[in-house]
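Read the structure below first, then the notes.
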Amino acid sequence: MRTAYSVETVRNAERELMARLPEGALMQRAAAGLAAACVEVLGRVAGRVYGSRVVLLVGSGDNGGDALYAGARLARRGAGVTAVPLTPERAHGRGLAALRRAGGRVAGPASAGELIERADLVVDGIVGIGGRGGLRPEAVPLADAAARARAAVLAVDLPSGVDADTGQVRGAAVRADLTVTFGAHKPGLLLDPAREYAGSVRLVDIGLPLPNDAAELEALQHADVARLLPVPGAESDKYRRGVVGIAAGSARYPGAAVLAVAGALRGGAGAVRYVGPAGDAVIARYPETLVSDQGPKRAGRVQAWVVGPGAGDDAGTVAEVLAAEVPVLIDADGLRLADAGAVRARTAPTLMTPHAGEAAALLGVAREEVEGARLASARELAGRYGATVLLKGSTTVVAGAESSPVRVNATGTSWLATAGSGDVLSGLAGSLLAAGLSAVDAGSVAAYVHGLAGRFAADGAPTGAHDVAGAIPGAWRDVARAG
């Protein structure tokens, strides 16, 4: 499992470690890992280190010191390294001296544009993890020049201008091809919009003593998901495996019901009960579905409900499902129709699955505010409703009502931004709820498998929600092999 820690936690761990190490040793560890990554990048973009051209954009903190010491290592290997301190009087003195001793040069910001234009590699050491807000005005031209240049851009710890704790980008920021981060991932490296600026992320272990229970974020990997996938035992029957109820669809949107059932049938539960006006369409496509037109209360036993996809204005069905004493997933129209008090009053788990627009409507803010602060928005929504919230997007965020680490998922593809994809996800997650997974685990596993299925279905080309549902078994098998 990949974990991310807040700036405060990382700083405390750094202080604890530095108290046990000789002065400067921790920075040298970071610089060694940074230099190794630079060597690899130069091998790809220039074919060599010797004779390559490297520009260091250097701020006033330890972030700039890391860049300078790494630059000194590259200079000793024959690279032409030039440092551009934004505030020379506040630059890391020992790092500058080390660079000069190794044969590196120092230039002023006025000549940076020309240097960046000729460079093979630009190292962003402007602002460290303590930075807040976008880049300062004097740094913006340098970031713009790096974005225009042919050079690869490598960020030290995280791209300058992004918020390490929240993933927010409140102004201009450096766009990196690779970010080398030290000791631990920072939340901003795993969350959009900041994640877009980070490029690929490499973690360098510098020995930080991080507490196991202090992570802000978790990102499941194949092996983690494999351990959570429900697998029937020898004594299992369809009821022991769990039965999921789907209350979805309407005369206007029968396809939503079909797609939610498709996701549920592939999600590990033993049976799917469908309730709603799209029964004929569901049976025509999936005859194994147990269809009822008597409403949720009379549909028969279920271990979890999914309500809302394509429901139109059927508030009565939503209210009836919310009254059930089993886990409930609320999606799409159900989010708009659900009474907030009824959701908060539930004793069984509730999983809400909004996209940014739906979350914004529930929070009473602009969509752009949710998209710019995904972590805070998911946490706020979970707290207000006393529910687990799966906020859909390029990085899906799963926040529980309690203070446990928030989970993020990035297995998806932009091709998943297609009509009906969320209906498939809802059915899949509902089936996992019925199979006995907690709301956080069901949401996290469903997002992971659904995202992987989207990749498999698209394979670099447009795809539809029906294709995504069909690719779930292949994604499931791919994950299970890691178990």
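Identify the single condition in (1) in contact with a Gly (Cβ under 9 Å, 6 or more places away or on another chain); (2) small (Gly, Ala, Ser); (3) buried (at least 24 other Cβ atoms within 10 Å of the Cβ) that Ser394 does not satisfy, given that it satisfies every other one.
Failing condition for Ser394: (3).
Look at Val244 and say whether it is open to solvent by 40 Å² or more (accessible area, probe 1.4 Å), at pLDDT 95 or above and hydrophobic (A, V, I, L, M, F, W, C).
No.
Quick one: is Asp224 under 30 Å from Thr179 (Cα atoms) and assigned to a helix (DSSP H, G or I)?
So Asp224 passes the test.
What's the number of the only condition in (1) farther than 30 Å from Ala172 by Cα; (2) out of contact with any strand residue (DSSP E or B) (no Cβ under 6 Å at 6 or more places or on another chain); (3) assigned to a helix (DSSP H, G or I); (4) touching a residue at least 24 places away in the same chain (Cβ under 8 Å) that Thr317 fails to meet?
Going through the list (1) farther than 30 Å from Ala172 by Cα; (2) out of contact with any strand residue (DSSP E or B) (no Cβ under 6 Å at 6 or more places or on another chain); (3) assigned to a helix (DSSP H, G or I); (4) touching a residue at least 24 places away in the same chain (Cβ under 8 Å), Thr317 breaks only (2).
With respect to the numbered conditions (1) out of contact with any helix residue (DSSP H, G or I) (no Cβ under 7 Å at 6 or more places or on another chain); (2) at negative phi, which one is the sole condition not fulfilled by Ser426?
If we test Ser426 against (1) out of contact with any helix residue (DSSP H, G or I) (no Cβ under 7 Å at 6 or more places or on another chain); (2) at negative phi, just (1) comes out false.
Can you pull out every residue in region 260-271 that is open to solvent by less than 30 Å² (accessible area, probe 1.4 Å) and either under 27 Å from the mean Cα position of the chain (by Cα) or modelled with pLDDT under 95 (or both)?
Listed by number, the residues that qualify are Ala260, Val261, Ala262, Gly263, Ala264, Gly267, Gly268, Ala269, Gly270.
Could we say that Ala83 is surrounded by fewer than 23 Cβ atoms within 10 Å (Cβ to Cβ), modelled with pLDDT of 95 or more, of a type in the set (Gly, Ala, Ser) and farther than 26 Å from Pro187 by Cβ here?
Against the criterion (surrounded by fewer than 23 Cβ atoms within 10 Å (Cβ to Cβ), modelled with pLDDT of 95 or more, of a type in the set (Gly, Ala, Ser) and farther than 26 Å from Pro187 by Cβ), Ala83 does not qualify.
For the condition open to solvent by 10 Å² or more (accessible area, probe 1.4 Å) and in contact (Cβ under 8 Å) with a residue 12 or more places away in the chain, what is the one hit in Glu369, Glu325?
Sole residue among the options that is open to solvent by 10 Å² or more (accessible area, probe 1.4 Å) and in contact (Cβ under 8 Å) with a residue 12 or more places away in the chain: Glu325.
Here is a check on your reading of the model: is Gly33 touching a residue at least 24 places away in the same chain (Cβ under 8 Å), part of a loop (DSSP other than H, G, I, E, B), over 15 Å from Gly128 (Cβ atoms) and not basic (Lys, Arg)?
no
Here is a list of conditions, (1) touching a residue at least 24 places away in the same chain (Cβ under 8 Å); (2) open to solvent by less than 40 Å² (accessible area, probe 1.4 Å); (3) assigned to a helix (DSSP H, G or I), and Gly474 meets all of them except one; can you say which number that is?
(1)
Output the residue which, of all residues in region 37-64 that are among the small types (Gly, Ala, Ser) and in contact (Cβ under 8 Å) with a residue 40 or more places away in the chain, is nearest to Ile129 (Cα to Cα).
By that ranking, first place goes to Gly61.
Would you confirm, using the coordinates I've provided, whether Arg77 is of a type outside the set (Gly, Ala, Ser), touching a Ser or Thr at 6+ places or on another chain (Cβ under 8 Å) and either modelled with pLDDT of 95 or more or on the phi > 0 side of the Ramachandran plot (or both)?
Working: of a type outside the set (Gly, Ala, Ser): yes; touching a Ser or Thr at 6+ places or on another chain (Cβ under 8 Å): no; either modelled with pLDDT of 95 or more or on the phi > 0 side of the Ramachandran plot (or both): yes.
When the stated conditions are applied, Arg77 does not pass them.
Counting only residues that are in a helix (DSSP H, G or I) and open to solvent by less than 10 Å² (accessible area, probe 1.4 Å), how many does region 42-74 have?
Number satisfying all stated conditions: 9.
When you scan region 360-377, do you find a residue that is part of a helix (DSSP H, G or I), more than 27 Å from Val321 (Cα to Cα) and in contact with a Lys or Arg (Cβ under 7 Å, 6 or more places away or on another chain), even just one?
Scanning region 360-377 turns up no residue that is part of a helix (DSSP H, G or I), more than 27 Å from Val321 (Cα to Cα) and in contact with a Lys or Arg (Cβ under 7 Å, 6 or more places away or on another chain).
For region 262-275, enumerate the residues that are out of contact with any Asp or Glu (no Cβ under 8 Å at 6 or more places or on another chain) and under 14 Å from Ala311 (Cβ atoms).
Within region 262-275, just Tyr274 meets the criteria.
Of all residues in region 395-411 being part of a loop (DSSP other than H, G, I, E, B) and either modelled with pLDDT of 90 or more or polar (S, T, N, Q) (or both), which is nearest to Gln221 (Cα to Cα)?
Looking at residues that are part of a loop (DSSP other than H, G, I, E, B) and either modelled with pLDDT of 90 or more or polar (S, T, N, Q) (or both), I get Thr411.
Restrict the check to region 433-447 and report whether at least one residue is touching a residue at least 24 places away in the same chain (Cβ under 8 Å), surrounded by fewer than 19 Cβ atoms within 10 Å (Cβ to Cβ) and under 15 Å from the mean Cα position of the chain (by Cα).
So far as region 433-447 goes, no, none of its residues is touching a residue at least 24 places away in the same chain (Cβ under 8 Å), surrounded by fewer than 19 Cβ atoms within 10 Å (Cβ to Cβ) and under 15 Å from the mean Cα position of the chain (by Cα).
Among the residues of region 448-471 satisfying the criterion of being part of a loop (DSSP other than H, G, I, E, B) and not β-branched (Val, Ile, Thr), which is most open to solvent (accessible area, probe 1.4 Å)?
Ranking the candidates gives Asp459 first.
Residues checked against (1) open to solvent by less than 30 Å² (accessible area, probe 1.4 Å); (2) β-branched (Val, Ile, Thr); (3) modelled with pLDDT of 95 or more; (4) not in a loop (DSSP other than H, G, I, E, B):
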residue	(1), (2), (3), (4)
Ala251	no, no, no, no
Arg273	no, no, yes, yes
Val282	yes, yes, yes, yes
Glu288	no, no, yes, no
Gln294	no, no, no, no
Val302	yes, yes, yes, no
Val343	yes, yes, yes, yes
Ala348	yes, no, yes, no
Leu351	yes, no, yes, yes
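The values are calculated or read from the model by the stated rules, or taken from the named source; none is laboratory data. Computed from a predicted model, the values in this text were never measured in an experiment. Glycine gets a Cβ as well: all are built from the backbone with ideal geometry, and neighbour counts include every protein chain shown. Note: areas computed on protein heavy atoms with side chains; ligands, DNA, RNA excluded. Shrake-Rupley method; radii C 1.70, N 1.55, O 1.52, S 1.80 Å.
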